[in-house]
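Q: One structure is given below, represented as structure tokens, and several questions about it will come after.
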Amino acid sequence: MREYENDLIKKGITYIAGVDEAGRGPVAGPVVAAAVILRNDFHYGYINDSKKMSEKQREKAFTDIIENAIAFGVGIIDETIIDEINILEATKKAMTLAIENLKVKPEYVLIDAVKLNCNFKTLSIIKGDQKSISIAAASVIAKVTRDRLMKEYSILYPNYAFEKHKGYLTKIHKERIKEFGPCAIHRKTFAPIDSYYQKWSNYHKNCFF
């Protein structure tokens, strides 16, 4: 998990940021990105791709990363912007914001899959959260941050059980959407949410004419 970082360190590069996101796939809520610059002398061996960790493991890792990293930054883009510019562009925007929010400027940026145009040297790595410890750490920060946001949304919109599925299209989520229709944080351009708004639009057009 440190191969990419070790290669860069051998070249004299000290501040290496890993960047990853959480929330590209759900039909509700924001996309959240994180950027993390790890200390080279701290043991992060237990940190993995956040999807392979339990919630308890992620919470512990989140605390350890926050307390011991050189710097971390978070970028959050909500569902309104996602609908306006599409999820890929929203992801790039969140990642760029996360990098900008680092209190220490990176010399090199390792990014999970996505290619960014920014003022730093970058490397896009497919499945980077499984190959780079810096990206894995970023995946933990992004995932935990977004999960906490979705739990807060579950209080505002209790009919949808966001605390359970975090906006992903699970069986219970489909049932709640069918029963209550979309709420304010659902992504209007994502199926099946888009069909509800299309029906609503057609209904009002027919009523008008």
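Q: Does A184 fit the bill of being within 30 Å of K11 (Cβ to Cβ) and either in a helix (DSSP H, G or I) or modelled with pLDDT of 95 or more (or both)?
A: Considered against the rule, which asks whether it is within 30 Å of K11 (Cβ to Cβ) and either in a helix (DSSP H, G or I) or modelled with pLDDT of 95 or more (or both), A184 comes out as no.
Q: I would also like to ask the following. Hey, does the range 116-131 have a residue that's in contact (Cβ under 8 Å) with a residue 40 or more places away in the chain, of a type outside the set (D, E) and buried (at least 23 other Cβ atoms within 10 Å of the Cβ)?
A: The answer is yes, given that some residue of the range 116-131 is in contact (Cβ under 8 Å) with a residue 40 or more places away in the chain, of a type outside the set (D, E) and buried (at least 23 other Cβ atoms within 10 Å of the Cβ).
Q: Continuing with this model, one more query. List the pairs whose first member sits in the range 93-110 and is in contact (Cβ under 8 Å) with a residue 40 or more places away in the chain, whose second member is surrounded by 24 or more Cβ atoms within 10 Å (Cβ to Cβ) and assigned to a helix (DSSP H, G or I), and whose Cβ atoms are under 6 Å apart, counting only residues at least 6 apart or on separate chains?
A: Note: pairs meeting the criteria are L110/S134; L110/I135.
Q: Keeping to the range 77-86, report how many residues are surrounded by fewer than 22 Cβ atoms within 10 Å (Cβ to Cβ) and touching a residue at least 12 places away in the same chain (Cβ under 8 Å).
A: The qualifying residues number 4.
Q: Now, a different point. With the structure loaded, tell me whether S154 is among the polar types (S, T, N, Q) and either within 16 Å of the chain's Cα centre (by Cα) or within 20 Å of G75 (Cα to Cα) (or both) or whether it fails that test.
A: No; evaluated as a whole, the condition is false for this residue.
Q: Looking at (1) touching a helix residue (DSSP H, G or I) at 6+ places or on another chain (Cβ under 7 Å); (2) free of Cβ contacts under 8 Å to residues at least 60 places away in the same chain; (3) within 12 Å of G18 (Cα to Cα), can you tell me which one S154 breaks?
A: (3)
Q: Something else now. Go through A22, A71, A98, A35 for me and flag whichever is surrounded by fewer than 22 Cβ atoms within 10 Å (Cβ to Cβ) and either closer than 30 Å to N159 by Cβ or among the small types (G, A, S) (or both).
A: Within the list A22, A71, A98, A35, the selection yields A71.
Q: Right, something else. Do we find that K205 is in a helix (DSSP H, G or I) and either modelled with pLDDT under 95 or farther than 24 Å from I81 by Cβ (or both) in this structure?
A: yes
Q: For R58, indicate whether it is in a helix (DSSP H, G or I) and in contact (Cβ under 8 Å) with a residue 24 or more places away in the chain.
A: yes
Q: Pull up the range 92-138, narrow it to residues that are part of a loop (DSSP other than H, G, I, E, B) and polar (S, T, N, Q), then point me to the one that is farthest from L8 (Cα to Cα).
A: The residue in question is N101.
Q: Could you please let me know if A34 is in a helix (DSSP H, G or I) and either at pLDDT 95 or above or among the polar types (S, T, N, Q) (or both)?
A: Criteria not met by A34.
Q: Okay, moving on. Just to verify a result, which residue in the range 1-19, among those that are farther than 23 Å from T145 by Cβ and touching a residue at least 60 places away in the same chain (Cβ under 8 Å), is surrounded by the fewest Cβ atoms within 10 Å (Cβ to Cβ)?
A: If we take residues in the range 1-19 being farther than 23 Å from T145 by Cβ and touching a residue at least 60 places away in the same chain (Cβ under 8 Å), then E3 is surrounded by the fewest Cβ atoms within 10 Å (Cβ to Cβ).
Q: Could you go through the range 22-36 and let me know if any residue there is over 28 Å from T189 (Cα atoms) and more than 15 Å from the chain's Cα centre (by Cα).
A: no
The values are calculated or read from the model by the stated rules, or taken from the named source; none is laboratory data. Just so it is clear, the structure is predicted and the values come from calculations on it, not from any experiment. All Cβ positions, even for glycine, are placed from backbone atoms using ideal geometry, and neighbour counts span all protein chains on display.
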